[in-house]
Amino acid sequence: MTSPLTEHILYSENQLHIESCSIESIATKTNTPFYCYSKAQILTNIQRCKTAFNPHGIDIHYAMKANSNISILKLIAEQGLGVDLVSSGELLRAQAAGIPEKSMIFSGVGKTSTELTLAIAAGVGQFNVESVEELELLATLATPHTGAICAALRVNPDVAVDTHKNITTGRKGNKFGIPIEQALSLYQRYADHPWIKLSGLAMHIGSQIQSAAPYCQAIDKLMALVEKLEEEDFSIDSLDLGGGFGVDYGEGASLDLASVAQEIAHSTAGFKGRIIIEPGRSLLASAGVLVSRITYIKEAQPNPFLILDAAMNDLMRPALYQASHPIVPTNTDNDSCMRHYDVVGPICESTDTFARNYPLSESLKAGGLVAFLCTGAYGSVMSSTYNSRSILPELLVSGTETQIIRKEITQVQLIKYEQ
Ligand code: LLP
């Protein structure tokens, strides 16, 4: 495994730094474990995405489920990106960060009546509808009082995607979207509804995708549907192609945004409306690390256990998707000889294993620090309080400045909610 260090998360004089701050110096002021992000890296990732897609006139809506910290959403807002949100909680966060409601897209397979009502009242710009049943509900909520509601149908294009089975979303049998064959009849059924403006199509075929091919296959199906709808005099104003662009978690592969942008532009050539993408992971993953302290090095066969103070509740991806995140020491001063460790957390489950047979320095000691790289997306947001553990603090580094952007939610605070 290689280490996907980045422009702004890298070693200087054997010390792992986020921009100009060494992790060791940050850890003298903050209890471990903690998440830490680089502002410059987030901005670099956003710029890279803009450079790839904007020349083709493609709009970027950040899929905020990847990391919905309000300080990070403020950066998204400052960069002029919209958001893709999936719950009323995310709506609240996006509003708190000052993202204009018109630039919000509400996705999700199970939006409740309460959530839809809130989002309509807030003036959310687009609703990506995922079922006949949801469209029926939306139609009852759309009244003269609410004014016209802009909706797109999320279709399930049934394409295979080479990614972990738990994060494919565009295959038959996945709960997402409506079968492409149903789209025309839904357009016909709602053509005369005075307050539902059905004029878009959407898709999201999966996540951590490493090739442009499945996008092209799915877009071909979408474009055939556009043609069919237009023949029936429906005008399609927007195509939302979802997110899913894969990043390098240390295997050396990632999806090149410039080339996927070109392929998408090529596949959608001739479409006159607006094209939207919803990247999440590719904007945030590489900009964050999870910092953890070694509690014990427990000698065992075949490998010693590196027992950390971070656990699966803090970083779910290895337990849920067998994902591997590069684990690196924060200080490489004595890193000459390597040893293989099984890297685990303290939770009472064998799934609380981050890596097996993992090469790290034999000079590691209890009390030392390690960092999980590439954990800026789907890290902190997926954490739980299992084993009555706290919710970790999040820090944002900019140059020499370190700011706490979410305080730890402590064990004492958590038990206050209970009788
Ligand atoms: N749009 C929609 C409708 C989505 O459901 C998702 C992600 C995205 C956009 C953004 O996809 P991205 O660009 O981040 O791949 N927890 C999993 C990932 C689940 C993704 C769910 N949907 C993980 O840690 O790998």
Which of 23, 271, 207 sits farthest toward the positive end of the charge dipole of the chain, with +1 on the Cβ of Lys and Arg and -1 on the Cβ of Asp and Glu?
23
Note down the magnitude of the dipole of the chain about its Cα centre, charges +1 on Lys and Arg C-beta and -1 on Asp and Glu C-beta and zero elsewhere, to the nearest 20 debye.
620
Ignoring ligands, DNA and RNA, please state the percent of accessible area on segment 33-159 from carbon and sulfur, probe 1.4 Å.
55
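Could you tell me the convex hull volume per residue, in Å³, taken over the Cα atoms of segment 91-195?
Expressed per residue, the convex hull around the Cα atoms of segment 91-195 is 115 Å³.
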Radius of gyration and Dmax for segment 107-279's Cα atoms, expressed in Å?
16.4, 54
Inter-part distance where segment 203-248 and segment 55-134 are each reduced to a Cα centre, Å:
19
Rounded to the nearest 0.05, what FRET efficiency do residue 334 and residue 227 give with R0 = 51 Å and r taken as the Cβ-Cβ distance? Could you check?
0.20
Within segment 1-90, report the GluC sites (Glu not before Pro) that DSSP leaves as loop and that have at most 15 other Cβ atoms within 10 Å.
7, 13
By average C-beta atoms within 10 angstrom, highest first, the peptides 230-237, 303-310:
303-310, 230-237
How large is the charge dipole for segment 1-160, taken about the Cα centre, if only the Cβ atoms of Lys, Arg (+1) and Asp, Glu (-1) carry charge, to the nearest 20 debye?
340
Percent antiparallel among DSSP beta bridges confined to segment 149-286, rounded to 5, stands at 5
Kindly provide the helix-only [θ] at 222 nm of the chain, computed as the sum of -39,500 (n - 2.57) over DSSP H runs of four or more divided by all residues, to the nearest 500 deg cm²/dmol?
-7500 deg cm²/dmol
Which of 247, 132, 260 moves the most in a Gaussian network model of the chain with Cα springs under 10 Å?
132
In the chain, if the dipole is taken from +1 on Lys/Arg beta carbons and -1 on Asp/Glu beta carbons about the Cα centre, which of 391, 410, 320 is farthest to the positive end?
410
I'd like to check one number: the per residue accessible area of the chain, probe 1.4 Å, reported in Å² as a whole number.
43
Please list, ordered by chain and number, the residues whose modelled amide H lies under 5 Å from the amide H of residue 280; skip anything fewer than 5 residues away on the same chain.
63, 244, 245
Å³ per residue of the Cα convex hull, for the chain?
149
Cα gyration tensor shape of segment 1-91, rounded if a/c is under 1.5, else prolate or oblate by comparing a/b with b/c:
oblate
Projecting the Cα atoms of 180, 139, 261 onto the charge dipole of segment 107-279, where Lys and Arg contribute +1 and Asp and Glu -1 at Cβ, the residue farthest towards the positive end is 139
In order through segment 198-212: 3J(HN,Hα) via Karplus (6.51 cos²θ - 1.76 cosθ + 1.60), integer Hz, x for Gly, Pro:
8, 8, x, 10, 9, 8, 8, 9, x, 9, 6, 8, 10, 9, 6
Note down the magnitude of the dipole of segment 326-419 about its Cα centre, charges +1 on Lys and Arg C-beta and -1 on Asp and Glu C-beta and zero elsewhere, to the nearest 20 debye.
160
quick note, the chain, DSSP beta bridge pairs, % antiparallel (nearest 5) is 50
Using a 1.4 Å probe on the protein heavy atoms, what percent of the accessible area of segment 273-343 belongs to carbon and sulfur?
52
Separation of the residue 10 and residue 47 label points, Cα + 7 Å toward Cβ, nm
1.4
What's the tally of Lys pairs in segment 107-279 whose alpha-carbon atoms lie under 20 angstrom apart, where the two lysines are 8 or more places apart or on different chains?
9
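The values are calculated or read from the model by the stated rules, or taken from the named source; none is laboratory data. In this text, all values refer to a predicted model and were calculated from it rather than measured experimentally. All Cβ positions, even for glycine, are placed from backbone atoms using ideal geometry, and neighbour counts span all protein chains on display. Please note that ligands, DNA and RNA were not included when accessible areas were found on the heavy atoms of the full protein model with its side chains. Shrake-Rupley method; radii C 1.70, N 1.55, O 1.52, S 1.80 Å.
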